[in-house]
Amino acid sequence: MLTVKNLMVFYENALAINDLSLKVGEGEIVGVIGSNSAGKSTLLNTIAGLTLDLKIKERRKGGERITLMGEIRYLGEDIVDMLAVHRVKRGIVLCRERHPIFPESDVMENLRIAAYLHPKAHFRKMADYTFDLFPQLKKYRRKRAGFLSGGEQQMLAIGMALVAGPKLLLLDEPLLGLSPAMQTRLVGAIKDIRATLGITIVISEQFARPVLPMIDRGYVIENGMLVLAGTGRELMENPEVKSAYFGV
Amino acid sequence: MFAAILIYGFINSSILALVAMGFNLTFGISGVANFAYGAIYIFAGFLVWIFLNTLGVNYFLSIILAFISSYLLGYLMYRFIILRVRGLPLSEVMATFGLGLAIMELFRYLDFVGVKYSLPVFIDGSVSIGGHFIDYQRLLIGVVAVALTVIFYFFTHYTKMGLAFRAIAQDDETALTLGIDPDRIGAFSLALGSSLAALAAVIILPLGTISVENGYEVLINALAVCIVGGLGSTVGVIVASILVGYSQTLTANYIEPHWMILVSLAAIAVVLVVKPSGIFGKQKELEERV
Ligand SMILES: Nc1ncnc2c1ncn2[C@@H]1O[C@H](COP(=O)(O)OP(=O)(O)OP(=O)(O)O)[C@@H](O)[C@H]1O
Ligand SMILES: [Mg+2]
């Protein structure tokens, strides 16, 4: 479904992604594991087109010079130069880190905004599914999203991404800052999304432990470079991963 | 006397609200302070006049044509001027202010000066409210201001485009990840803001003559209302229009009609010193914008 080949991303002269290649098959859940500033967000943002958008904006105002090189193939098409909006239309939806929601709008309005590209019927179906997935959001339909807890905001953010109609869902550190119980609930929800809707998912995380039970395969990156790749089980048994990413 | 002040204050507040709405809309959504706003206002006024008197088009059609032209002017301004300096507020202000000056002074240069530059009222006549005569045009201004506020609320809360406006106003990067194109919405916000300037122009200008000075006055009034209310806040525009509107009417009544614009200038100065974010400024936590 998605093939990234020899991807390089420079912010000015600093290399954020270094010759990175990876593959995501249809229907898979793939993990991207790396510590702070390993390049997880840069990778996902580049796949979603946000880095290209930033590059265009920076060039307009003569700011930071951003360079993108390499290939990103999605459903047989090279999308390196495709604008973010068109990628969303083709089904690449990114849920950015730190639960991006519209704080001044209530929960329902957040979901309605997310349905920008879709007809009402699709919105209803996905909103209903979101409330099935996260029943505790139900009672907050009319509450301003800015007043929800971090965990609830993360649920809403995932719901919004679903309403946006993904074929490939990119989740940037959805477990960040959540309690272990909440993490478990979210992991369950992510599995459900794949099982029920058949959506392909890429999820990034700093630690391997919470995501390993749900991923089919994982990539470990450090300083923008790929250091390890394997199935969930292989990563779990790898001694390096154990010491570096299990946070023991 | 009291009833007269109440009525005329309301009309004056409506005029201010109409004048400020477009400026506020553009700023609230895209963060662009459109300093060419006053220029677009007189551009629309003179355009209607030209269509009507020079080209002999009928009044209604002239107005529609002026709307479309103002819409396009706003759109093109975004595409060809603002887009290049997007995200650099100072350059945005300089660019729009420069363009505004050019448009206004062009009209002066082309000798668009004099009492013949006036537009007919929509319906002649007046009604008596509580013993005070008030002409239909002024009444219409009040009605349109209230109607526009209501329409605007439904537009931003219940239509796709309106919701996209609210999204971009809050967080354009998150909006982008949902397929909402900030540049498209930005261009649209400028275009819509400009046609609101045109709307204000066609219903307010029949009260007097069209002059280049109107452009400066409208810009000052729009700024006053938006600064007092808190830039980008819709509730702020309404409250500030009422505050400034009634202060102006009282000033005109008890001191000197010429001092009305001084009220706006004083309001800008006082608010900037006392509470720079305005009454309903964005700095207030989770404030309703757009
Ligand atoms: N806009 C930017 N300009 C310059 N450098 C940037 C920019 N965005 C990211 N970087 C740099 O790129 C590197 C990778 O950052 P990135 O945000 O992708 O890391 P991450 O793996 O998501 O980290 P975290 O776990 O903290 O979210 C970092 O060194 C960071 O400082
Ligand atoms: Mg990150």
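The values are calculated or read from the model by the stated rules, or taken from the named source; none is laboratory data. Bear in mind the structure is a predicted one, so any value in this text is a computation, not a measurement. Because the Cβ atoms are built from the backbone with ideal geometry, glycine has one as well, and the counts that use them run over all protein chains shown. Just so you know, the surface numbers come from the protein's heavy atoms only, side chains and all, with ligands and any DNA or RNA stripped out. Shrake-Rupley method; radii C 1.70, N 1.55, O 1.52, S 1.80 Å.
Loop-located trypsin sites (Lys or Arg not before Pro) across the range B:27-119 with a Cβ neighbour count of 14 or fewer within 10 Å are B:Lys116, with loop assigned by DSSP.
Based on protein heavy atoms only, the protein assembly as shown ends up with 42 Å² per residue of surface accessible to a 1.4 Å probe.
Counting Lys and Arg as +1 and Asp and Glu as -1 over every other residue whose Cβ lies under 10 Å from the Cβ of A:Val4, the net charge comes to +2.
The Cα atoms of the range A:91-177 give a gyration tensor whose axes a ≥ b ≥ c have a/c of 1.5 or more with a/b no greater than b/c, which makes the shape oblate.
Each other residue within a Cβ distance under 10 Å of A:Leu228 adds +1 if Lys or Arg and -1 if Asp or Glu, for a net charge of -3.
Computed in the context of the full set of protein chains, the accessible area of the protein assembly as shown at 1.4 Å probe radius has 62% of its extent on carbon or sulfur. When +1 charges are put on Lys and Arg Cβ atoms and -1 charges on Asp and Glu Cβ atoms, the dipole computed for chain A relative to its Cα centre reaches about 940 debye. Take B:Asp172: with every protein chain present and a 1.4 Å probe, its accessible area is about 70 Å². Taking the centroid of alpha carbons for each part, the range B:14-28 and the range A:219-248 are 56 Å apart. When +1 charges are put on Lys and Arg Cβ atoms and -1 charges on Asp and Glu Cβ atoms, the dipole computed for the range B:1-137 relative to its Cα centre reaches about 380 debye. Using the Cα gyration tensor of the range B:114-246, with a ≥ b ≥ c the square roots of its eigenvalues, what is the shape: rounded (a/c below 1.5), prolate (a/b larger than b/c) or oblate (neither)? It comes out prolate by the Cα gyration axes. When A and B come together, around 2800 square angstrom of accessible surface is lost from both chains combined, probe 1.4 Å.
Classify the range A:118-248 as rounded, prolate or oblate, taking a ≥ b ≥ c as the square roots of the eigenvalues of its Cα gyration tensor: rounded when a/c is under 1.5, otherwise prolate if a/b is larger than b/c and oblate if not.
Taking the square roots of the gyration eigenvalues as a ≥ b ≥ c, the range A:118-248 is prolate.
The residues A:Arg185, A:Arg112, A:Arg98, A:Arg90, sorted by heavy-atom accessible surface at 1.4 Å with ligands and nucleic acids left out, run A:Arg98, A:Arg185, A:Arg90, A:Arg112 from largest to smallest.
Determine the alpha carbon to alpha carbon distance for each of A:Lys5/A:Lys167; A:Lys23/A:Lys125; A:Lys89/A:Lys138; A:Lys55/A:Lys89 and list only those over 23 Å.
A:Lys23/A:Lys125; A:Lys89/A:Lys138
Across the range B:147-290, C-alpha contacts under 8 Å between residues 6 or more apart give a mean separation that, scaled by the residue count, equals a relative contact order of 23 percent. Here chain B is assigned +1 on the Cβ of each Lys and Arg and -1 on the Cβ of each Asp and Glu. Its dipole about the Cα centre then comes out at about 180 debye. Taking Cβ atoms as reference points and 14 Å as the exclusive limit, the residues near B:Ser126 contribute a net charge of -1, counting Lys and Arg as +1 and Asp and Glu as -1. Candidate membrane-span-like segments in chain B, meaning DSSP H helices with Cα atoms spread over at least 24 Å of their own axis and a Kyte-Doolittle mean of -0.5 or above, are B:2-30, B:59-80, B:89-109, B:136-158, B:182-204, B:212-229, B:234-254, with no membrane implied. Between B:Ile103, B:Phe122, B:Ser13, the Cα set farthest toward the positive side of the dipole of the range B:1-151 (charges on each charged residue's Cβ, about the Cα centre) is that of B:Ile103.
Between B:Phe280 and B:Gly230, the built amide H atoms are under 5 Å apart, and every one of these is 5 or more places off in sequence or on another chain. Normalising the average separation of contacting C-alpha pairs (under 8 angstrom, six or more residues apart) by the number of residues puts the relative contact order of the range B:1-95 at 23 percent. Dividing the summed -39500 (n - 2.57) terms of all DSSP H runs of n ≥ 4 by the residue count of chain B sets its mean residue ellipticity at 222 nm at -23500 deg cm²/dmol.
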